[in-house]
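Quick one: this structure, given as structure tokens, is what I'll be asking you about.
Bear in mind that the values in this text are calculations on the coordinates, not laboratory data. Predicted model only: the values in this text are computed from it and were never measured. We place every Cβ from the backbone using ideal geometry, glycine too, and count neighbours over all the protein chains shown.
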Amino acid sequence: MAVDIESRTPVEDAEGRTVEELVVNIGPSHPSTHGVCRIIAHIDGEIVTRAEPVIGYLHRGIEKMCENRTYLQIVPLTDRLDYVGSMYANWAYCRAVERLASIRVPERAEYIRVITCELQRIASHMMAIGSSGADTGAFTMFVWAFDVRERVVELFEELCGARLTYSYVRPGGVARDLPDGWTDACRAVVDRLPAKIEEMDRLFFGNTIARGRLKGVGVLSADDAVAWGASGPTARGSGVDWDLRRDDPYSVYPRFDFDIPLGDAGDAYDRGRCRLWEAVESCRIITQALDQIEPGPVHAEGFPRLLAPRQGDAYDRIESARGTLGVFVASDGSTRPYRVKFRSPAFCNLALIGRLAPGHTISDLVVILGSLDPVFGEVDR
Amino acid sequence: MALVDRIGRALTGAPLLLTSVDALVDWSRGQSLWAMPMGTACCAMELIAASFSKFDFDRLGTFPRPDPRHTDVMVVAGTVTRRMAPAIARLYEQMPDPKYVVAMGNCAVSGGIFFYDTYSVVRGIDEFLPVDVYIAGCPPRPESLQDGILQLRELIQTRSIAAGHSHPREMVLPSAGDERAGSVDARERPSVPHVPVRPTDPGGGPE
Amino acid sequence: MNIEELREHLCSRYPLLCPLFSSEFGDGTLTVEPDDLHRAAGDMKELGFSRLDVVTALDRGETFELVYRLESAEIRTGLSLRCSVPRDQPRISSLFDLWPAADWQEREVYDLFGIEFEGHPDLRRILLPDDWVGHLLRKDYVDDRVVKRPDYI
């Protein structure tokens, strides 16, 4: 539970001296910062009074690099943004380029994109839940979650040969059709998953220790979530009923029947649990998509080898595992974009840490950071 | 079988083990490499995956330990930016000697995909760290990492800590099982001819 | 609500803003003068655009074009607010008081483009170290350390 910092009485030692504020530097290399994040925490005793995240330790200048790449050459760069969920950045970028160049994507490609991205959501959420389990000492959860993730990664490996950086979604469609027998393998994974997730829910979120560590930690109000631009499970854990897949449907999402898990307390527990149950909803979507998918082309016909969209700019966004992932592409009519901007959900969610951490202990600060699920490739770009 | 073992058998007729302390120390150091997982970007995911159920790094005696003071080898996995480099160098300085560095992934090897057009990426960690093993790939598979660690083990076992001295390969003690990296699932796949790490015994030892 | 409805809605409530509205690639765009930005943004927030999705900028030579992308849960279409600031005096009022989400986003634009946001509570570099010289997403930024990619295509 958060402590009200203002109402605390200063602790005095035997000689009447008040305990002074201590500044603790966490990171940039720390096992529980989920990457190269640095947090400067001002602590009073055990309680954090101010937490200031310092980011940029993985700033690789991807946006600048994009200005000297052709439209197709940028796809591998988008993989390396959100490396826990590469498919999303691929897709968001491709949607922006397709909107800019007025390319129509075949229906089968849209279905494959939905299937792969929902699989990616499962993989990404498993990483998030697993690492927040490790943060609270439940290492078993990490191993279990990673096992599920590994199943999904195996599917991706079969699909495109890569375990992490897929470059599978390309402007105009996807790189290649599903291999033989892939849908059956996918179905086998997806069918087994809900029971496994229920077990994980009981193992971790039903556990007294995890409840004690996560409940009431880092409470984010719904109004704050909207005002600070939080999105994805971070906002939905606070009860903000906003999911682009349903509220601003793109691709073939309107054809599927699924629910959006919502939290109400807005604490780390609800955020984590939202992620877990979203994975079950992803399984539902994948099952429906596998039922509905029809044979057909997977790439737009007459797609030019060198794309040169007309002058202008386009913005498109999708619901990634972390929230609203938007890509802004501006063209000057040449074969290279004039400007590419990635609106990364993790960047916006991480901005909340300075607001959520005060009043909590250092060990809770780690839990809060984990519950926001930052991926620093995407935060720093 | 190590050369020393053969000498022992020849002298006494019993499976007696003769070796130098130096070689024994190097052998044992190679068997238990604690790794400092310096994961900065994408490769960190594969670094984690390597320790987990399917790949199980621990069976090779390599154990991730995020405290530099407890570790022998630093695995730098991921893109290193100019802003991050001093922090990594400082962590390296905190590791006790003798220490080794594995550059995992193209970014750590040479800058990789971020070699051109970017202003903030260090083009290979060998600009500021002495690298022992390079592992290519973007990202490398967990098996590649395990292979790299096994190569590092061989390097440690043949290179004495005494300055300028190295053990001949035959002097090196055998490793238990001498297994190469591979996933558990590999058993179900068609078997690939086993390639031994070091030259096999030319024969002659009494059996 | 689609774009046309949004246009009608805007025109009925804010006749002055109406001529500034255009749509391209399915997005509504409202181009305003830098001095009017804060007022127009406030109006949009009143209209129901409760989220500030993204703040970014483009280097247009003589000017920097700022793009603010707004989202609304009620109005199911995005809207871009745009304005241009001169290159030699890149200053604009901050939208932090309307949407706190602008905090890091404006810091990023300040870091990469050098546009100053008046009224921002903590305008510092965010992605690059504090001692970095220059603003690197400007088209005229040069860095000796950069290796140019060979021009194959």
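Can you give the mean number of other chain Cβ atoms that lie within 10 Å of the Cβ atoms in peptide C:54-63?
Partner Cβ neighbours, averaged per residue: 4.
Something else now. Can you tell me the orientation of helix A:268-292 relative to chain A, as the angle in degrees between its alpha-carbon axis and the longest Cα principal axis, to the nearest 10?
10
Okay, moving on. By how many degrees, between 0 and 90 and to the nearest 10, does the Cα long axis of helix A:86-101 differ from the longest principal axis of chain A?
Once rounded, the angle reads 50 degrees.
Need one number: nm distance between label points at residue C:143 and residue A:157, each 7 Å from Cα along Cα→Cβ, rounded to one decimal.
A separation of 3.5 nm, rounded to one decimal place.
Also: Amide H of residue B:101: which non-local residues (sequence gap of 5 or more, or other chain) have their own amide H closer than 5 Å, using H built in the peptide plane?
Counting only residues 5 or more places away or on other chains, the set is B:74, B:132, B:133.
Please rank B:26, A:380, A:44, fewest neighbouring Cβ atoms within 10 Å first, as an exposure proxy.
Exposure proxy ranking, most exposed first: A:44, B:26, A:380.
Return the single residue from A:106, A:171, A:179 with maximal mean-square fluctuation; model: Gaussian network over chain A, springs between Cα atoms under 10 Å.
Most flexible of the set in this elastic network: A:179.
Using R₀ = 56 Å, calculate the FRET efficiency as 1/(1 + (r/R₀)^6) where r is the Cβ-Cβ separation of residue A:301 and residue C:97; round to 0.05.
The formula returns an efficiency of 0.65 here.
Ok, one more. Along the range C:37-46, what does the Karplus equation 6.51 cos²θ - 1.76 cosθ + 1.60 (θ = phi - 60°) give for ³J(HN,Hα), rounded to whole Hz, x for Gly and Pro?
4, 5, 5, 4, 5, x, 4, 5, 5, 4
Charges only on Cβ, +1 for Lys and Arg, -1 for Asp and Glu: so what's the dipole of the protein assembly as shown about the Cα centre, in debye to the nearest 20?
Computed charge dipole of the protein assembly as shown: roughly 1580 debye.
Give the relative contact order (percent, whole number) for chain A; include only Cα pairs under 8 Å separated by 6+ residues.
Answer for chain A is 27 percent.
With springs only between Cα atoms under 10 Å, which of A:169, A:152, A:143 fluctuates most in a Gaussian network model of chain A?
Of the options given, A:143 has the highest mean-square fluctuation.
Give, as ranges by residue number, the residues of the range B:129-159 whose backbone N falls under 15 Å from the point 7 Å along Cα→Cβ of residue B:53.
No residues fall inside that zone.
Give the residue list of trypsin sites (Lys or Arg not before Pro) in the range A:60-112 that are DSSP loop and have at most 12 other beta-carbon atoms within 10 angstrom.
Sparse-neighbourhood loop trypsin sites (Lys or Arg not before Pro): A:104.
List, in order, the whole-Hz ³J(HN,Hα) value for each residue of the range B:111-118 obtained from phi through the Karplus relation with A = 6.51, B = -1.76, C = 1.60 and θ = phi - 60°; use x for Gly and Pro.
Result, ordered by residue: x, x, 5, 9, 6, 8, 6, 10 Hz.
Now for a different question. Hey, what angle do you get for helix A:362-372 against the long axis of chain A, alpha-carbon based, 0 to 90 degrees rounded to 10?
Helix A:362-372 sits at roughly 20 degrees to that axis.
Nothing charged except the Cβ atoms of Lys and Arg (+1) and of Asp and Glu (-1): what's the magnitude of the dipole of the range B:33-150 about its Cα centre? Round to the nearest 20 debye.
It works out to roughly 260 debye.
Roughly how many debye, to the nearest 20, is the charge dipole of the range C:46-153 about its Cα centre, given +1 on each Lys and Arg Cβ, -1 on each Asp and Glu Cβ, and no other charges?
380
Which value in nm describes the separation of the simple spin-label points at residue B:165 and residue C:8, placed 7 Å from the Cα toward the beta carbon?
With each label point 7 Å from Cα toward Cβ, the separation is 9.2 nm.
Between the range B:26-86 and the range A:96-175, how many Å separate their Cα centres?
25
Can you work out the PRE-style zone for residue B:20? Point 7 Å along Cα to Cβ, and I want the residues of the range B:140-154 with backbone N under 11 Å.
From the range B:140-154, the list is empty.
Quick one: A:132, A:221, C:80, fewest Cβ neighbours within 10 Å first, how do they rank?
A:221, C:80, A:132
Work out, step by step, the length gained on full extension between residue A:185 and residue A:291: first 0.36 nm times the residue separation, then minus their alpha carbon distance; give nm to one decimal.
Fully extending the segment from residue A:185 to residue A:291 adds 36.8 nm.
OK, next. Pick from A:368, A:40, A:285: which is most flexible by mean-square fluctuation in a GNM of chain A where alpha carbon atoms under 10 Å apart are linked?
In this elastic network of chain A, the residue with the biggest mean-square fluctuation among A:368, A:40, A:285 is A:40.
Turning to a different aspect of this structure: Report, in deg cm²/dmol and to the nearest 500, the calculated mean residue ellipticity at 222 nm for the protein assembly as shown, where each DSSP H run with n ≥ 4 adds -39500 (n - 2.57) and the sum is divided by the residue count.
Mean residue ellipticity, 222 nm, calculated: -11000 deg cm²/dmol.
Within chain C, what is the longest stretch that has no GluC sites (Glu not before Pro) placed in a DSSP loop and near at most 11 other beta-carbon atoms within 10 Å?
The longest uninterrupted stretch comes out as C:75-153.
Here is a follow-up. Tell me, what is the FRET efficiency for residue C:46 and residue B:32 to the nearest 0.05, using R0 = 56 angstrom and their Cβ-Cβ distance as r?
Efficiency computed from Cβ-Cβ geometry: 0.25.
Can you put A:205, B:114 in order, fewest other beta carbons within 10 Å first?
A:205, B:114
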